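Before any comments, here is the structure.
The values are calculated or read from the model by the stated rules, or taken from the named source; none is laboratory data. Source: prediction; values computed, not measured. Here Cβ is always computed from backbone atoms with ideal geometry, including for glycine, and neighbour counts include all displayed protein chains. For the accessible areas, the whole protein counts, side chains as well, though only heavy atoms, and no ligand, DNA or RNA atoms are used. Shrake-Rupley method; radii C 1.70, N 1.55, O 1.52, S 1.80 Å.
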Amino acid sequence: MVFAARIQFAFTVMFHYLFPILTMGLGFFIALMSTLHLTTGDRRWDEAARFWARIFAIGFVVGVVTGIPLEFEFGSNWAAFSAYGGSLFGQLLPMEGVYAFFLESGFLGLFLFGRGRVGKWLHWAAGLGVGVGSLLSGYFITAANAWMQHPVGYRLDAHGQPQLVSFWAVLFNPFAGWQYAHVVNGALLAGAFVMAAIAAFYLLSRRHQEFAQNTLRLAVVAGCILSLTQLFPTGDLEGRHVAGWQPAKLAAMEGLYQTRAGAPLAVMGMPNSRNQTLLDPVYVPRILSFLAYGSFRAQVVGLAAYPRDLWPPVALTYYAYHIMVGLGTIFVVIMLAGAFLLWRRRLYRSRWFLWVLMLALPFPFIANEAGWMATEVGRQPWLVYGLLRTAQGVSPNVAAGETIFTLLGFMGIYAVLALLYLFLTARVIGAGPESGTHGGAAGGDEASHAAAIGEKSA
Amino acid sequence: MNQLWFWWLAGMFAVYALLDGYDLGVGAIYLWLPREGDSRGFALAAIGPVWNGNEVWLIAAGGLLVVSFPRVYALGFSGFYLALMLVLWFLILRGVAIEFRGQLAQPLWSDFWDAGFGVASLALALLLGVALGNLVRGLPIAGGSFQGSFALLLNPYALLVGLLSLALLAWHGANYLRFKTDPPLQTRAREYSRRLYLATLFLAVVVTIYTYIAGYIGDFGSHPLFWIFPLVTLAGLALAAAAGRRRDLAAFYASMLVIAGLLGSAAATVFPNLLRSTLGSGDSLTIYNAASSPLALKAAFIANAIGLLAVIAYTYYIHRIFRGKVQTPGYHV
């Protein structure tokens, strides 16, 4: 049952998370373009913002409908955990609804359909509301997760139940801080890669050249900064939190079995838990000690220091983490190369590089997912770190068969959703940015918007 | 504090029923709307910009349930695992249908999503009523876990409440279309509103009598204030009769009163239980034995009440911006 519950939650959350990555990332850039349009008066930014808003909207729909099950799966799959920690991690769930989802959904309606009904600054503010809503939503759910990673703000009562002692400690869990920065930075970086990939596609197929060049320039400059901040400070400082509060996870991520001072960083290698060694390793000496504790001589505790039943699944944690870090490094190389080509004024003509950008599209999503996988698998065997094991948190009265059955149902539904999503998004990309608003309703609004502006100036 | 939380949660679900209720109701009568004059397009345009915000009330209410009465959330959603998954799948189908229908101007495409939207809305309006019926009726709970089967949830009483919920929300949706649209859709909505009002009236009487005879009715005697809910229901039913065929907005307010009154009555019936056990009152989850600590309740109350006031303010504002009749059919981004 534990396995079925975990697989179902993992599948539904990983599929769902693909879409918030996209909407958090694109949402920021749409807000940026709208702002540029209003401040510079350049209509090309408006056209670009509306194009990306169409891509955003389709992803948003899938994100919303696949997000709803998660809110209820805490109860359906993890009833014992919900009863145990509901008054603690649960503090953040209604706040996500109250402070984030209402803002997002209410203002998205206003942003997409309010053109012509509200002034342009209010319309802009509605777009900003959507962006702020999605970023806040990310914070609350990261903070809820942080309580499972590093429980704070509680005391154990006579029955061993955690009771809230500090709401503020739960809300501003220190573990959530850099984790959140890293997560958001990862989503923004994915947004930059999506824009770059589609712009590269247009340039390679010699369509919408002006739009593509503007977009690509923005994407490469932003991506250059974001790929660096992904590693430092956000990734680096989150890593120190893990080192300080979850040393067993750190050891699994690095494939470090034996405790040692001046521990090396394993760039490559295959962890073998039977012999407790890393096979065929490529090491950089002393770097792990420095990264984790800020000193080249610091001692890093290895997995062997823990009883076997407190080890996370080493291979999965190790590979997920290394995939994330490896891809993150490649992103830096790609974006620096892009910035160099931009500086040399060769970016738009370097077809080989445009191919690289276009084909890089899926990898930021893989890196984001792999990062969460390392975080969540590395937390095992704990559901709430040090307090409640995953096996203790599962629903006692749901049969594994029920969960497998509904897992298959989710797989079927999500496969269809994925196909629909790709089909509709491909249509928007095929239609291109200049197609404007396709359809009568939005077109009518646009006309009335223009009329309203005309009246004002007259 | 525990009583306050009970009524707050009841209020959250009631607001959800009032708001998402009208777009569920529009969905419930959607398949019977005529094709001529693009009535379906106008109906979708009427709910398009607001349905998603309406649905967030359910999400927020679910979140508030986790933090206030975690044992109820845990038992409720794991105990009714398959029923919950069914609801979730219908919610997915419905959301996707509304948003994807307008993406492609192609008859087969829109027919498919029309069917999805209509069927999912019908099913949800029914299932939410079935869930409420089971809450009022009580469930076989012992030792903190659900002892019954999926089939038990489909008992006659719960199904009857489900039908009432379907008629009531469909009526509410028709009333919404009455004041949001022009003829010919408005004319059709007025006709449906009249018939669905009669269906609601009939089913409400039947359910009330059944509830009374079966002894599910709560302790109205020692809480005279509870009588306010049946009175609100009656006021709504009377207002609907007075509104007649012409006063469309009054009809919408009437169905709002009826929904609020009936949900309030249901809440009064189960109070102070949250999940009433049919196996013995000691096994019921009440607002006292299933609650979080006083500090957790207080913190969550303050943290969310402030935010909700802001939500109410801007939700009202957004509804004002989209006030008036729908001018153009269809709904697409």
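Packing around the peptides B:212-224, A:202-214, B:154-166, B:15-27, taken as the average count of other Cβ atoms within 10 Å per residue, puts them in this order, highest first: B:15-27, B:154-166, A:202-214, B:212-224. Computed 3J(HN,Hα) for region A:128-138, one whole-Hz value per residue from the Karplus formula 6.51 cos²θ - 1.76 cosθ + 1.60 where θ = phi - 60°, is 5, x, 4, x, 5, x, 6, 5, 5, 4, x, glycine and proline marked x. Can you tell me the orientation of helix A:362-377 relative to chain A, as the angle in degrees between its alpha-carbon axis and the longest Cα principal axis, to the nearest 10? So the inclination is approximately 30 degrees. Full extension of the chain segment joining A:Phe423 with A:Ala400 gains 4.9 nm, where the gain is 0.36 nm per residue of separation less the Cα-Cα distance. Can you tell me the 0 to 90 degree angle between the C-alpha axis of helix A:174-204 and the longest principal axis of chain A, rounded to 10? For helix A:174-204, the angle is close to 40 degrees.
Between the listed residues B:Gly162, B:Thr286, B:Thr208, the Cα displaced farthest toward the positive end of the dipole of chain B, a dipole computed from Cβ unit charges relative to the Cα centre, is found at B:Thr208. Rolling a 1.4 Å probe over the protein heavy atoms leaves A:Glu254 with an accessible area of roughly 10 Å². The mean count of C-beta atoms from other chains within 10 Å of the C-beta of residues in A:396-409, rounded to a whole number, is 3. Structural descriptor for region A:91-175: relative contact order 33 percent, calculated from alpha carbon pairs under 8 angstrom and at least 6 residues apart.
Computed about its Cα centre, the charge dipole of chain A is approximately 1180 debye, with only Lys, Arg, Asp and Glu carrying charge at their Cβ.
Across chain B, Cα pairs under 8 Å and at least six residues apart give a relative contact order of 29 percent. Shielding value for B:298-308 is 5, the average number of Cβ atoms from other chains within 10 Å of each residue's Cβ.
Remark: accessible surface ordering of A:Leu336, A:Leu327 (largest first) is A:Leu336, A:Leu327, probe radius 1.4 Å. Here the calculated FRET efficiency for A:Trp352 and A:Arg43, from their Cβ-Cβ distance with R0 = 30 Å, stands at 0.35, rounded to the nearest 0.05.
Is the shape of the protein assembly as shown rounded, prolate or oblate, going by the alpha carbon gyration tensor and its root eigenvalues a ≥ b ≥ c, with a/c under 1.5 for rounded and a/b larger than b/c for prolate?
oblate
Taking every alpha-carbon pair under 8 Å whose residues sit at least 6 apart, chain A reaches a relative contact order of 21 percent. Annotation: B:Arg35 carries an accessible surface of approximately 150 Å², with a 1.4 Å probe and no ligand, DNA or RNA atoms counted.
Per-residue accessible area (protein heavy atoms, 1.4 Å probe) orders B:Tyr314, B:Tyr288 as B:Tyr288, B:Tyr314, starting from the largest.
For region B:2-321, the alpha-carbon coordinates run over 58, 41, 39 Å along the three principal axes, in decreasing order. Restricting attention to the protein assembly as shown, lysine pairs at least eight places apart or on different chains and with alpha-carbon atoms under 26 angstrom apart total 5.
Ranking B:Trp7, B:Trp32 from most to least accessible surface, computed with a 1.4 Å probe over the protein chains only, gives B:Trp32, B:Trp7.
Take each residue of peptide B:86-93, count the partner chain Cβ atoms within 10 Å of its Cβ, and average: the result is 6. Counting only heavy atoms of the protein chains and using a 1.4 Å probe, B:Met1 has close to 90 Å² of accessible surface. Give me, ordered by chain and number, the residues 5 or more places off A:Trp382 or on other chains with an amide H under 5 Å from its own placed amide H. Correct list: A:Thr390.
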